[in-house]
1. Could you list, in sequence order, the residues of the stretch 237-253 that are surrounded by 16 or more Cβ atoms within 10 Å (Cβ to Cβ) and out of contact with any Lys or Arg (no Cβ under 6 Å at 6 or more places or on another chain)?
2. Taking interchain pairs and intrachain pairs at least six residues apart, which have beta carbon atoms under 6 angstrom, with the first residue in the stretch 100-114 and closer than 23 Å to residue 130 by Cβ and the second of a type in the set (Val, Ile, Thr)?
3. Please specify each residue of the stretch 254-291 satisfying the condition of being closer than 15 Å to residue 154 by Cα, modelled with pLDDT of 85 or more and β-branched (Val, Ile, Thr).
4. Mind checking which residues of the stretch 145-187 are in a loop (DSSP other than H, G, I, E, B), over 22 Å from residue 56 (Cα atoms) and touching a helix residue (DSSP H, G or I) at 6+ places or on another chain (Cβ under 9 Å)?
5. Could you please let me know if residue 97 is at pLDDT 95 or above, touching a Cys at 6+ places or on another chain (Cβ under 6 Å) and farther than 21 Å from residue 283 by Cα?
6. Name the one entry in 177, 97, 162 that is surrounded by 19 or more Cβ atoms within 10 Å (Cβ to Cβ) and closer than 23 Å to residue 47 by Cα.
7. For the stretch 192-236, how many residues meet the condition of being surrounded by 20 or more Cβ atoms within 10 Å (Cβ to Cβ), among the aliphatic types (A, V, I, L, M) and within 16 Å of ligand 1 (Cβ to nearest atom)?
8. Checking residue 248 against (1) outside any helix (DSSP H, G or I); (2) more than 25 Å from residue 149 (Cβ to Cβ); (3) touching a helix residue (DSSP H, G or I) at 6+ places or on another chain (Cβ under 7 Å); (4) within 16 Å of ligand 2 (Cβ to nearest atom), only one condition comes out false. Which one?
Amino acid sequence: MPICDPSSSSTGAGSTKLWIIHGVAVVAAAALALGAHYYMFYRRSGEFRSRVVGIIPARFASSRFEGKPLVNILGKPMIQRTWERAKMATSLDHIVVATDDEKIADCCRGFGADVVMTSDLCRNGTERCNEALSKLDKRYDVVVNIQGDEPLIEPEIIDGIVKALQAAPDAVFSTAVTSLKPEDARDPNRVKCVVDNHGYAIYFSRGLIPFNKSGNVNPQFPYLLHLGIQSYDTKFLNIYPELPPTPLQLEEDLEQLKVLENGYKMKIVPMQVIKVEHEAHGVEVPEDVDKIENYMRERNLH
Ligand SMILES: *[C@@H]1O[C@H](CO)[C@@H](O)[C@H](O)[C@H]1NC(C)=O
Ligand SMILES: *[C@@H]1O[C@H](CO)[C@@H](O)[C@H](O)[C@H]1NC(C)=O
């Protein structure tokens, strides 16, 4: 009998109603108890998204820099420096290099890294991470995508984005920002980010956001600079490369906008103390090698 059926006989309607109310109360109490149980369980044991893998995607062919992962930086291959930095993160259960190239694989095994061979059809690092993930024996909840060309990556940033994703069940993606220097405000290669009151991303842009009414850079405003590293819930990583491109993503040429345009939540981690200047981080072209070596010599980083 439908609960709201007005044609139902009046005899016994009162007791039926009582029964329904009682039933609803019991179900609600049970749901609350169950919810609380799971909440306590996750809190106590720290189980939520607890299994974390760091994947370093590395390909040999590159239009701008052939063999980039193996380039020598102060006596060590760049990929080894990245791997050694990632090893210092405390939140990773496992780190693997994902590559399509035997030379890279041999080199990495040589310094002790685990390697997963991936197809040379992977169109970008995210696809490579996803393929590598599917080839691992163990199951993971979170993947950190560690760019092989960031030999000075700070382990604190890796740990920061992992913890953020573990603490935000409604987010599927996390990434880091730091303060934008005023001189970088107009540089389209420095990606800016705005966040909501709870630390979720609202938007990313190559343009300056927010844009001050005066048209000038506001020296008082805490503009945020996006740092490339990202981590994902593994279930989301399975679908991320397959999501069709979106208008804002295509217009700005920023992959992460596809996540937001599809309505997923992204947690943003502000890194206050960046020991290594952002401009020294990435190695894009051969000339960057000199720059990063000089930077490391000046600061006595090895
Ligand atoms: C714009 O920037 C100026 C400082 O340059 C600041 O005083 C002002 O509050 C900002 N916002 C607007 C709407 O002008
Ligand atoms: C990677 O490549 C695929 C296929 O071209 C594309 O759909 C996707 O947006 C790219 N990037 C990411 C982050 O998935």
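1. Pass one, the stretch 237-253, residues surrounded by 16 or more Cβ atoms within 10 Å (Cβ to Cβ): 237, 240-241, 249, 252.
Within the stretch 237-253, 237, 240, 241 meet the criteria.
2. Between residues of the stretch 100-114 that are closer than 23 Å to residue 130 by Cβ and residues that are of a type in the set (Val, Ile, Thr), the close pairs are 100/118; 105/99; 105/115; 108/97; 108/115; 109/115; 113/97; 114/96.
3. Of everything in the stretch 254-291, just one residue is closer than 15 Å to residue 154 by Cα, modelled with pLDDT of 85 or more and β-branched (Val, Ile, Thr), namely 269.
4. Here is the first cut: in the stretch 145-187, the ones in a loop (DSSP other than H, G, I, E, B) are 146-154, 168-170, 180-181, 185-187.
Filter once more, so that each one left must be over 22 Å from residue 56 (Cα atoms): 168-170, 180-181, 185-187.
Within the stretch 145-187, 169, 181 qualify.
5. Numbers: at pLDDT 95 or above: yes; touching a Cys at 6+ places or on another chain (Cβ under 6 Å): yes; farther than 21 Å from residue 283 by Cα: no.
When the stated conditions are applied, residue 97 does not pass them.
6. On the way: 177 fails: closer than 23 Å to residue 47 by Cα; 97 fails: closer than 23 Å to residue 47 by Cα.
Only one candidate passes the filter, namely 162.
7. Qualifying residue count for the region: 1.
8. Of everything listed in (1) outside any helix (DSSP H, G or I); (2) more than 25 Å from residue 149 (Cβ to Cβ); (3) touching a helix residue (DSSP H, G or I) at 6+ places or on another chain (Cβ under 7 Å); (4) within 16 Å of ligand 2 (Cβ to nearest atom), residue 248 misses just condition (1).
The values are calculated or read from the model by the stated rules, or taken from the named source; none is laboratory data. Fair warning: this is a prediction, and the values are worked out from it, not measured in the lab. Cβ: placed from backbone, ideal geometry, glycine included. Neighbour counts: every protein chain shown.
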